[in-house]
Amino acid sequence: MELLKKLCETPGISGYEERIQKVIKEELGKVTDEVKIDKLGNIIGIKKTKKAMSNSLPKKVMLAAHMDEIGFMISFIDKDGFLRFAPVGGFDPRTLIAQRVVVHGVKDIGGVIGSKPIHILEEEEKKKATKIKDLFIDVGLKKEEVSKIVKPGDFVTLDRDFKELNNKIITAKALDDRVGVYVMIEALKRIKSCYVDIYAVATVQEEVGLRGATVSSFSVEPDLGIALDVTIASDLPGTKEEEMVTNLGGGTAISLMDSHTISNKKLVDFLRKIAEENKIKYQTDILLGGGTDAGAIQRSKSGVPACTISIPTRYVHSVVEMCHKEDIESSIKLICKFLENAHQGEF
Ligand SMILES: [Zn+2]
């Protein structure tokens with residue numbers, strides 16, 4: 001879990017992935033033969049098979065897990081030193097009030113997302129829904145001081161430690177999708193024999209429209225693609241049984257469809273078979289309110305069979321995202337076994 005903790009706590013919002021890129025580049029370097037970085041910042045780790053089937057070229061399998069997290073960009077510093085910000089990625093404003101943040105200026109400085117105390121709120125104000133444009137960051141400094149450190153365009157991340165709540169459950173910011181990156185790295189560590197070339201891509205800018213996966217799948221030209229991401233664990237009070245997406249602790253999730261991708265049916269069937277043969281706990285999911293890098297891979301060049309394998313996560317896009325260690329483990333096992341057997345599939 002040390003690596004996952006490091007991945008979650010390292011800052012890197014869409015378009016500003018430099019720091020997290022450094023961490024992942026080093027880790028991918030340990031489990032692949034060659035690591036490249038393209039012009040958008042995607043890290044492509046290549047592990048070529050030494051056992052190619054004699055009658056055909058080895059298949060190229062692309063894995064994609066996005067390294068960017070949602071955050072903000074500073075847009076304005078007012079006369080009293082309060083900072084205004086633009087969201088980068090899909091935030092729920094309800095989860096932002098009273099959060100601690102880190103503003104990444106000339107140096108990193110701490111701040112809080114402030115709001116008027118309830119004691120002085122008008123009745124009408126209490127009823128109003130929170131909008132991001134009404135929020136501000138307070139770093140506790142006067143304009144002259146803050147202006148020396150921060151300027152518009154600097155990025156902001158939410159400040160939250162990785163925590164193991166008990167021996168099964170972890171909570172952190174940015175599990176979306178650093179847990180996907182972790183699963184990708186761990187699967188590569190464990191793989192035994194493999195008859196395909198693996199392109200393990202840590203993509204950039206997924207949260208703002210699958211931009212990194214679009215260009216990296218274009219250059220990799222995979223024969224098959226799997227995105228590794230989080231999905232909604234909706235096993236919460238108030239969710240109807242028939243509306244359930246996935247359950248926390250219910251196993252890795254094989255996506256059937258999301259708002260960007262109808263998963264390749266043969267690939268889904270193959271993954272189910274692999275899971276069943278290897279007694280890997282899994283569930284299937286349909287998520288109509290979001291997509292993954294699989295959407296970009298599938299539509300690359302002349303088309304690529306693609307699907308998503310997800311780690312069920314509660315409270316996605318908040319600082320208290322929550323995952324179950326057994327789901328992480330079953331996701332690693334499924335990816336590992338899939339790679340070891342991918343040469344046998346017909347897609
Ligand atoms: Zn994600």
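From the list Tyr182, Tyr195, Tyr199, pick out the single residue that is assigned to a loop (DSSP other than H, G, I, E, B) and hydroxyl-bearing (Ser, Thr, Tyr).
Numbers: Tyr182 fails: assigned to a loop (DSSP other than H, G, I, E, B); Tyr199 fails: assigned to a loop (DSSP other than H, G, I, E, B).
So the residue among Tyr182, Tyr195, Tyr199 that is assigned to a loop (DSSP other than H, G, I, E, B) and hydroxyl-bearing (Ser, Thr, Tyr) is Tyr195.
Kindly indicate the residue of the stretch 313-331 that is in contact with a strand residue (DSSP E or B) (Cβ under 8 Å, 6 or more places away or on another chain) and acidic (Asp, Glu) and also surrounded by the fewest Cβ atoms within 10 Å (Cβ to Cβ) among those meeting that condition.
Of all residues in the stretch 313-331, those in contact with a strand residue (DSSP E or B) (Cβ under 8 Å, 6 or more places away or on another chain) come to 313-316, 319-325, 327-328, 330-331.
When the remaining residues are screened for being acidic (Asp, Glu), the result is 321, 327.
On the way: Glu321: 23, Asp327: 29.
Taking the candidates together, the pick is Glu321.
When residues of the stretch 289-309 are filtered for being of a type in the set (A, V, I, L, M, F, W, C) and away from the ligand (no atom under 13 Å from the Cβ), how many remain? First the steps, then the outcome.
Applying the first criterion (of a type in the set (A, V, I, L, M, F, W, C)) to the stretch 289-309 yields 294, 296-297, 304, 306-307, 309.
Next, from what is left, pick out any that are away from the ligand (no atom under 13 Å from the Cβ): 297, 304, 306-307.
Total satisfying the criteria: 4.
Could you please find all residues in the stretch 253-276 being among the charged types (D, E, K, R) and within 17 Å of the chain's Cα centre (by Cα)? I'd like the intermediate steps shown before the answer.
To start, the set of residues in the stretch 253-276 that are among the charged types (D, E, K, R) comprises 258, 265-266, 269, 272-273, 276.
Within the stretch 253-276, Asp258 is the sole residue that qualifies.
Between Ser217, Ser234, which is hydroxyl-bearing (Ser, Thr, Tyr) and more than 27 Å from Asp159 (Cα to Cα)? Reasoning before the result, please.
Numbers: Ser234 fails: more than 27 Å from Asp159 (Cα to Cα).
Ser217 is the lone residue from the list that is hydroxyl-bearing (Ser, Thr, Tyr) and more than 27 Å from Asp159 (Cα to Cα).
How many residues are within 19 Å of Pro93 (Cα to Cα) and surrounded by 10 or more Cβ atoms within 10 Å (Cβ to Cβ) if we restrict to the stretch 125-144?
First, pick out the residues of the stretch 125-144 that are within 19 Å of Pro93 (Cα to Cα): 125-138.
Narrowing further to those that are surrounded by 10 or more Cβ atoms within 10 Å (Cβ to Cβ): 125, 128, 130, 132-138.
Count: 10.
Within the stretch 201-222, count every residue that is open to solvent by 10 Å² or more (accessible area, probe 1.4 Å), away from the ligand (no atom under 13 Å from the Cβ) and either at pLDDT below 95 or hydrophobic (A, V, I, L, M, F, W, C) (or both).
Qualifying residue count, the stretch 201-222: 2.
Which residues, counting only those in the stretch 183-200, are in contact with a His (Cβ under 6 Å, 6 or more places away or on another chain) and either open to solvent by less than 40 Å² (accessible area, probe 1.4 Å) or within 16 Å of the ligand (Cβ to nearest atom) (or both)?
Here is the first cut: in the stretch 183-200, the residues in contact with a His (Cβ under 6 Å, 6 or more places away or on another chain) are 195-196.
Hit for the stretch 183-200 is Val196, nothing else.
Suppose the filter is open to solvent by less than 50 Å² (accessible area, probe 1.4 Å), within 28 Å of Lys107 (Cβ to Cβ) and in contact with a strand residue (DSSP E or B) (Cβ under 9 Å, 6 or more places away or on another chain); does Ile44 pass it?
Working: open to solvent by less than 50 Å² (accessible area, probe 1.4 Å): yes; within 28 Å of Lys107 (Cβ to Cβ): no; in contact with a strand residue (DSSP E or B) (Cβ under 9 Å, 6 or more places away or on another chain): yes.
No; evaluated as a whole, the condition is false for this residue.
Determine whether the stretch 268-283 contains at least one residue that is within 16 Å of the ligand (Cβ to nearest atom) and out of contact with any Pro (no Cβ under 6 Å at 6 or more places or on another chain).
The answer is no; no qualifying residue exists.
Quick one: Ala342 ticks every box in (1) farther than 30 Å from Asp197 by Cβ; (2) at pLDDT below 95 bar one, so which box is it?
(1)
The values are calculated or read from the model by the stated rules, or taken from the named source; none is laboratory data. If you're wondering where the values come from, they're calculated on a predicted model, not measured in any experiment. Quick reminder, even Gly has a Cβ in these numbers, built from the backbone with ideal geometry, and neighbours come from all protein chains shown. SASA here: full protein model, heavy atoms, side chains in, ligands and nucleic acids out. Shrake-Rupley method; radii C 1.70, N 1.55, O 1.52, S 1.80 Å.
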